[in-house]
Amino acid sequence: MATELYSVARPNLTASVSSMSSAVVSGSRTPLDPHKHRKAPSIPEHMKENPVHPAAEKTQIPAESTTPLRQSVCVDLLREGFPRSFSQVFSLLQRWDAPDPRELHTLQQRLTSAETAERHGQYGEAYDNHMFLARFFTEPEDKWLKHHFIQLALQSARKFKMDSGKREAEANLHMGQVYLEKGQLERAQEHYEVFYQLTMGRTWQDPSGRMQHSRSCEELQKVFTLLGQRLLQEQDYTHAIKMFNKAYQMAKESGDRGLEGEAAYRLGLAYQSTGDQKTAEQFFSVCIESSTTLENTDSLGRAYEAIAKSLESEGKLTEATEYLEKFAEISLNSKQDRNLEKACMCLGNVLSLRKQYDGAHEHFGRAYEIACNLESVDRLQKARVCAGSTRALSMMQTYHRLIETPGRQNIKTIISWKKRRHDSLSAPSEEEMKR
């Protein structure tokens, strides 16, 4: 058995000794590599025939390939001694699906700069870095990042006392906008009121040159208006009027006549909904005055329509007609066909109440023509029905007058109309009635 093993191992042993001997003879000091003469593994035939394209190899990289970038940013923050920046980045990355390398680099740079500034008590610089990041993320899907850094900016601004609260005012403005976008009106109101208090008596201006205090009044006016509209939907008219009144006061303080007119108009509508027509007319008059000064025809037309409605509710049909005629005139001159159609319909309704059916029919007919041009089926049908009704009422009114008034000519007119069945029936003139 030993003899057989020896005979098998001998050729290999002999070859090894020969190779070692040749190496020694040649004087080479290179150590022997046991893997040097090993054959390279053979490549399967199917891989020779179908080699993998480099582009295909890239597509096979798993999604975790972005993980090293995140890890390197976090490790760098810890290695460089920025634990607060690390904590913030780590928390953001739990929610941030696929940050761009440029975004991560900017985030790292600005957060470390802010942390360094805070260590030295330079909260103004920290605020600037946080606000830079808030403005840096502009995409809709990054809105939550913007909100996060505005909150950090507000925290830094509250610690900075060297600018009389200017940065804090600006941060509260942005926080109010954040909550306004979220629909949290009460929270938005809180921040806008702080913004209002901090800018009172100051001459601060925004980059466009607008006074910051006027801006605070405008933002508060917007919030109070939205709160008032919500209360109106809940039919809480008392608190709704209070909110609209606050909005009106803010609009007046802002110095914007157009904003003041719009706020007065909304306040007038609120009083109108409660039946207080007198007070409503006062605020509609304010809107008319400001709109006339600014030559705002659209706002002026709406105010004419609203005050006419209040006068109509009070039974003052003649005055209501006058305002509606002004509404129609200004709509015609400004080529606002929809408003003109609305004005004609309102005039037709008021004249119908005054039993002036011929005039009402004329205005309804005009409204019908405008609705046809506008291709508005609903308005067209309504105007057509109203025009037909007033035509019938006009004929009935004339018919009763002819019946009730004795005279041969009246009888002849009625008989003639019955024979021919004309679309219109008109009373004879006084001269014809004397014949």
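The values are calculated or read from the model by the stated rules, or taken from the named source; none is laboratory data. These numbers were taken from a predicted model, which means no experiment stands behind them. All Cβ positions, glycine included, derive from the backbone under ideal geometry; neighbour counts span all protein chains shown. Accessible surface areas use protein heavy atoms only, side chains included; no ligands, DNA or RNA. Shrake-Rupley method; radii C 1.70, N 1.55, O 1.52, S 1.80 Å.
Observations on the model:
- The residues of the range 89-112 that are assigned to a helix (DSSP H, G or I), open to solvent by 40 Å² or more (accessible area, probe 1.4 Å) and not basic (Lys, Arg), listed by number, are PHE90, SER91, PRO101, HIS105, GLN109.
- For beta carbons closer than 6 Å, sequence separation of 6+ or different chains, a first residue in the range 176-203 that is closer than 18 Å to LEU226 by Cβ and a second that is open to solvent by 20 Å² or more (accessible area, probe 1.4 Å) and among the hydroxyl-bearing types (Ser, Thr, Tyr), the qualifying pairs are ARG187/TYR179; ALA188/TYR179.
- Selection status of SER331, buried (at least 23 other Cβ atoms within 10 Å of the Cβ), modelled with pLDDT under 95 and within 35 Å of the chain's Cα centre (by Cα): yes
- Qualifying residue in the range 128-144 (condition: crowded, with 17+ Cβ neighbours inside 10 Å and modelled with pLDDT under 95): yes
- Qualifying residues in the range 153-194 (those that are open to solvent by 60 Å² or more (accessible area, probe 1.4 Å) and outside any helix (DSSP H, G or I)) - the one farthest from MET243 (Cα to Cα): MET162
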